[in-house]
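Notes for the one structure printed next.
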Amino acid sequence: MPFTMPKVSAGNGPHALKANCPECGSFMQWLSRLTPAERAARREQARLEAMATLAPTESQLYYLRALGDASPAPANRAEASARIEQLKRERGLA
């Protein structure tokens, strides 16, 4: 079956755009106005913001000690994660 380009039109409510079948007009799917890279960047930013509100996990604290970290305990999961990544890069583990 050959691929047909959907007809894109304005969405409604929280949806930016919608794709409809160009032949019969039936709904196919909702579309985002953001590129996949922009959506991924937004998800990553939301993840980091959420991690900044939570205390570091015991696993993160254990891993930091195992990597030889002697700094004071990180304030949140985001800081612990960033410190772990930095230590791994410094030690050639990343």
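The single residue among ARG43, ARG47 that is surrounded by 12 or more Cβ atoms within 10 Å (Cβ to Cβ), of a type outside the set (S, T, N, Q), under 26 Å from the mean Cα position of the chain (by Cα) and assigned to a helix (DSSP H, G or I) turns out to be ARG47. Of all residues in segment 28-52, those that are in contact (Cβ under 8 Å) with a residue 12 or more places away in the chain and under 16 Å from ARG77 (Cα atoms) have Cβ atoms under 9 Å from Cβ atoms of residues that are among the aliphatic types (A, V, I, L, M) and exposed (fewer than 12 other Cβ atoms within 10 Å of the Cβ), 6 or more apart or on another chain, in ALA52/ALA75.
Among the residues of this structure, THR4 counts as one that is more than 23 Å from LYS88 (Cβ to Cβ), hydroxyl-bearing (Ser, Thr, Tyr), assigned to a loop (DSSP other than H, G, I, E, B) and modelled with pLDDT under 95.
Filter segment 50-94 down to the residues that are hydrophobic (A, V, I, L, M, F, W, C) and either in contact with a strand residue (DSSP E or B) (Cβ under 8 Å, 6 or more places away or on another chain) or assigned to a helix (DSSP H, G or I) (or both) and list them by number. ALA50, MET51, LEU61, LEU64, ALA66, ALA78, ALA80, ALA82, ILE84, LEU87 - these are the residues of segment 50-94 that are hydrophobic (A, V, I, L, M, F, W, C) and either in contact with a strand residue (DSSP E or B) (Cβ under 8 Å, 6 or more places away or on another chain) or assigned to a helix (DSSP H, G or I) (or both).
Between LYS18, LYS7, the distinction of being basic (Lys, Arg), over 22 Å from the mean Cα position of the chain (by Cα) and surrounded by 14 or more Cβ atoms within 10 Å (Cβ to Cβ) belongs to LYS18 only.
The values are calculated or read from the model by the stated rules, or taken from the named source; none is laboratory data. Since the structure is predicted, the reported quantities are computational estimates derived from the model, not experimental observations. Heads up, the Cβs are rebuilt from the backbone with ideal geometry, glycines too, and the neighbour counts pull from every protein chain shown.
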